[in-house]
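Inspection log for the structure reproduced underneath, given as structure tokens.
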Amino acid sequence: MRKKPTLAAFRGVLALAAALLAPAAAHAAKPVCEVDRPVRFSGLNWESNLVLAGIERYVMEHGYGCKTSVEIGETLPMLAALQRGDVDVTPEVWPGQIEVAWKKALASGRVQGLGHVYDAGEGWYVPRYTAQRHPGLKSAADLARFKQVFADPEDPGRGRIYGCPAGWACGTLNDNLLRALGLERDYNLFAPGSGAAQKAAILSAYKRQRDIVFYYWTPTALVGALDLVKLELPAFDPAAYTCLTDPKCAKPVATEFKPNPVVTGVNSAFAKEAPQLTAFLARLAIPRDAIDATLGWLETEGKEPEEAARYFLKQYGPVWRQWMPADAADRVQAALDRE
């Protein structure tokens, strides 16, 4: 004679079923984004910023259930857009490079700087083969004696320094530094039309072993891939540097470029509206070797920044998992696994 199941046994079966179904239910549950519109990113037109934007957008879309969009623009116009709330997030802000404008933005209360993404740097460089050909060229001030080495093809009586792409904030800094060094009579500061044009000019000269002097920044794949020498500048002076970043600097004084701890810029209203997303951005930090390797992969493989963003996420799970709660990280990993 078969015994009827007891109530306790029946409850046990229900508990077991619930336990088995719970992971599937949790996996199926989609997160609800804190904002009911796309999160808008500043797409500043250099590689590291676009890779960072790709990383952050992927995490927000797959880890937090958000939609995202990106607005392409230059540094200062995008800073103004961040203050207005036309964009929510600028993934890579160099406070030292736009010191006056950044301080004003922070003082307005409409913008916040979050975290410490990584340390960036700037400088004027020559290829090592150029430094070996001209051993007297050690510092940026020495350029006054070498203008024929770097003759401007469009103005042969003057030298050419390849500066920032047109419209970049570092253009002001380089213009002022040129005057501070007394080089404005001997050199033209050439502004390429884009970051891609700047890189193409440098790589073309390097491959042909031609002498070239240029401004560049780190972390970048180009500086890591080429054998370069950074020209010396006087020791860093905070007051002198502040003036170099000001378009109205009347009497610029030469100084070393300021070390730049890169931060994430966010609109303050967005930060209040989306505290979980803001916490994620505040925790975002990338080791120097990881960003260098990612940018190097982008360069050598000829890929797009969005692809480099996924490369980073696939290669450096232990890094980005620290930026977010475990459930969000699991959703990001699941999305990567599906690719």
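The values are calculated or read from the model by the stated rules, or taken from the named source; none is laboratory data. Everything numeric here is computed off the predicted structure, so don't read it as measured data. Accessible surface is based on the protein model in full, side chains and every heavy atom, while ligands, DNA and RNA are left aside. Shrake-Rupley method; radii C 1.70, N 1.55, O 1.52, S 1.80 Å.
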> Do the sum for the chain: with -39,500 (n - 2.57) for every DSSP H run of n ≥ 4, divided by all residues, what is the mean residue ellipticity at 222 nm, to the nearest 500 deg cm²/dmol?
Replying inline: -14000 deg cm²/dmol
> For segment 185-270, which whole-number percentage of the solvent-accessible area (1.4 Å probe, protein heavy atoms only) is attributable to carbon and sulfur atoms?
Replying inline: 57
> Taking the chain as a Gaussian network, where each spring joins two C-alpha atoms under 10 Å apart, which residue of Pro252, Pro165, Pro38 fluctuates the most?
Replying inline: Pro38
>> So if each residue of separation counts as 0.36 nm, and I subtract the Cα-Cα distance between Ala334 and Glu71, what length gain in nm does that give?
In response: 91.9 nm
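Return an integer: the convex hull volume of the alpha-carbon atoms of the chain, in Å³ per residue. Please list the in-between numbers first.
Working: hull volume 53.2 nm³, N = 339.
Convex hull of Cα atoms, per residue: 157 Å³.
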> Carbon and sulfur atoms: what percent of the 1.4 Å accessible area of segment 80-134 do they account for?
Replying inline: 50
>> Restricting to bridges with both residues inside the chain, how much of the DSSP beta-bridge set is antiparallel, in percent to the nearest 5?
In response: 60
>> If each residue of separation counts as 0.36 nm, what is the full-extension length gain between Gln322 and Lys104 once their alpha-carbon separation is subtracted?
In response: 75.3 nm
>> On a full-extension model of 0.36 nm per residue, what is the gain between Lys248 and Arg210, subtracting their alpha-carbon distance, rounded to one decimal in nm?
In response: 10.2 nm
> Which order do Phe270, Phe236 take by accessible area at a 1.4 Å probe, largest first?
Replying inline: Phe236, Phe270
> Relative contact order for segment 217-339 using alpha-carbon pairs under 8 Å, separation at least 6, rounded to a whole percent?
Replying inline: 25
> Among the lysines in segment 170-288, how many pairs, 8 or more places apart or on different chains, have alpha carbons under 26 Å apart?
Replying inline: 7
> Per residue, how much accessible area does the chain have with a 1.4 Å probe, in Å²?
Replying inline: 48
>> At 1.4 Å probe size, put Ile72, Ile161 in order of accessible surface, largest to smallest.
In response: Ile72, Ile161
> Rounded if a/c is under 1.5, else prolate if a/b is larger than b/c, else oblate: which is segment 157-298, with a ≥ b ≥ c the root eigenvalues of its Cα gyration tensor?
Replying inline: oblate
> Distance from the Cα centre of segment 174-226 to that of segment 51-108, in angstrom?
Replying inline: 26
> In whole percent, what relative contact order does the chain give with Cα contacts below 8 Å and a gap of six or more residues?
Replying inline: 25
